[in-house]
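Contents: one structure, followed by commentary.
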Amino acid sequence: MTETDSGLWAQMFQDSPIPLATLENSHAQIMAQIELHPVDFGEEIRLAERRKWGLGLAISLLVTVFTFVVFLWFKSDIVYQVLSVLLVKLSGLPYASDLQQIGRRILQDMSLLRELKTGLGLLWGVVSWPIFGLVSVIVIFRSSNPVRKGKPSI
């Protein structure tokens, strides 16, 4: 900031009236900046709408996937039993052998899911505390500097 700019700012916050020439000069500078960089409010509104719908889609997709994984994770035995009953019910239909092969494949994958669940549970028991410690250290050291240099993420 130059001396004249700081002098103008000092004049603005004093009780004495601001000269008309100064006000006109400030007004002209502001209008020149607006003319150089116009804002398309229609585009800003469309961008906000796209962001809103995109965020809603991403959140709904994440919730759906998370719900499906949690259901398979905790209720895999129920799914296994339902698929077994479904295979027995469909055994009298034509093309039943093809359906039974598909069903057996799904049931094998469900047993693999059970083994994977057990393995991941054991692995998480070993790995979770070091990950928690690392994340805690990152949070502590990152939050110790309240003023960060750089552009804001807005």
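Values quoted throughout were computed directly from the atomic coordinates according to the rules given, and no laboratory measurement underlies them. In this text the structure is predicted, and so the values were computed from the model without any measurement. Please note: Cβ atoms are built from the backbone with ideal geometry, for glycine as well, and neighbour counts cover all protein chains shown.
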Out of Ile59, Ile34, Phe71 - ranked by how far each Cα lies towards the positive end of the dipole of segment 29-74, with unit charges on the beta-carbon of charged residues - the top one is Phe71
Starting from the Kirkwood Rh over alpha-carbon pairs, what translational D in µm² s⁻¹ does segment 10-60 have by Stokes-Einstein at 37 °C and 0.692 mPa s? 224
What FRET efficiency do you get for Val63 and Val88 if R0 is 41 Å and r is their Cβ-Cβ distance, rounded to the nearest 0.05? 0.75
